[in-house]
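Notes follow the structure.
The values are calculated or read from the model by the stated rules, or taken from the named source; none is laboratory data. All of these numbers come straight from a predicted model, not from anything done at the bench. So basically every Cβ, Gly included, is an ideal-geometry build from the backbone, and we count neighbours across all protein chains shown.
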Amino acid sequence: MMDYEGFKKEIFALTNIDLNSYKEKQMKRRIDSLIAKNNFVGYDPYVKALKTDKVLFNEFINYLTINVSEFYRNPEQWEVLEKEVLPMLFQKSKTLKIWSAACSTGDEPYTLVMVLNKFLPLNAIKIHATDIDRGALEKADIGIYSSKSVENLPKAFTEKYFNKNGDLYSVKQEVKNCVEFKHHNLLRDPYPEGFDLIVCRNVLIYFTEEAKDGIYKKFNSSLKNEGILFVGSTEQIILCNKYNFKPLRTFFYMKDKQ
């Protein structure tokens, strides 16, 4: 009978996702609950079903990658980005190269476009947005959201950047044109480089300390000198100088000059 160690090996072979890099207690509880919800007993029959049932497989990936996302999450942090961080970056360069890492269903990169539009015309904005979950990326590409997803956004943003249809909000095409979505696994794939700003929020809390250690180092290499990493509300980096960062504001870290 397959145990959790065996399950992790099977999942790695099937998906290239290394469950050893996620906090075990938390992740095992989530997976066990999903298996029970689908009326499987144990890991063996569930793994067999994942190999043949595309709907079940997609549900598993979606559940595994913990897609909790919304527009303008933690508004006060977006205000710091708009009023302090972006003006500072624009002093050094007229155009910014930005990566929204682990972007989930697109709420975050689209929010970035809306904030950047205060500084640049839409046709001058390009966001590189990545996630491990192809299903989430498809939703992001479609760009249709519930009223709950957009409830934190300033009203001016929802009026300017969305078409409203009943209870649904669809991102306008000129905003969608500003974002390029790509599949990327933070734990395995090479990292793109030369960014002024990397936004990666509310994802790293699910990883082990060892996995986070590697990700912070790679993010640092992906940034230009004095580029900024913007993290989530529960993800302050203790001893950030270990990764060649210095704290700029809470949740914002600057790459130290080399």
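List of remarks:
- Every listed requirement among (1) surrounded by 18 or more Cβ atoms within 10 Å (Cβ to Cβ); (2) over 21 Å from residue 106 (Cβ atoms) is met by residue 217 save one, (1).
- Counting residues in segment 154-170 that are surrounded by 15 or more Cβ atoms within 10 Å (Cβ to Cβ) and free of Cβ contacts under 8 Å to residues at least 12 places away in the same chain gives one or more.
- Single match in 77, 26 (criterion: under 18 Å from the mean Cα position of the chain (by Cα), of a type outside the set (Gly, Ala, Ser) and in a helix (DSSP H, G or I)): 77
- One residue stands out in segment 1-27 among those that are under 16 Å from residue 43 (Cα atoms) and among the aliphatic types (A, V, I, L, M): the one that is surrounded by the fewest Cβ atoms within 10 Å (Cβ to Cβ), namely 1.
- Scope segment 233-258; condition within 18 Å of residue 100 (Cβ to Cβ), without any contact (Cβ under 8 Å) to a residue 40 or more places away in the chain and not hydroxyl-bearing (Ser, Thr, Tyr); matching residues: 235, 255
- Filtered residues of segment 97-119 (kept if part of a loop (DSSP other than H, G, I, E, B) and farther than 17 Å from residue 195 by Cα): 104, 105, 106, 117, 118, 119
- Scanning segment 176-203 for residues that are of a type in the set (S, T, N, Q) and closer than 27 Å to residue 12 by Cα yields 185, 202.
- Whether a residue is in a helix (DSSP H, G or I), farther than 26 Å from residue 204 by Cα and of a type in the set (Val, Ile, Thr) was assessed, and residue 55 passes this test.
- Residue that is closer than 16 Å to residue 23 by Cβ, of a type in the set (Phe, Trp, Tyr) and not assigned by TED's automatic domain parsing to the domain that holds residue 28, where the choices are 206, 216, 243: 206
- If you filter segment 222-257 down to residues that are more than 22 Å from residue 112 (Cα to Cα) and among the polar types (S, T, N, Q), you find that the one that is surrounded by the most Cβ atoms within 10 Å (Cβ to Cβ) is 244.
- Whenever a residue of segment 94-116 is in contact (Cβ under 8 Å) with a residue 24 or more places away in the chain, its partners that are of a type in the set (D, E, K, R) and surrounded by fewer than 24 Cβ atoms within 10 Å (Cβ to Cβ), lying with C-beta atoms within less than 6 angstrom and at least six residues away or across chains, give the pairs 96/196; 97/196; 105/139; 107/70; 115/82.
- Residues of segment 216-258 classified as polar (S, T, N, Q) and not in a helix (DSSP H, G or I), total: 7
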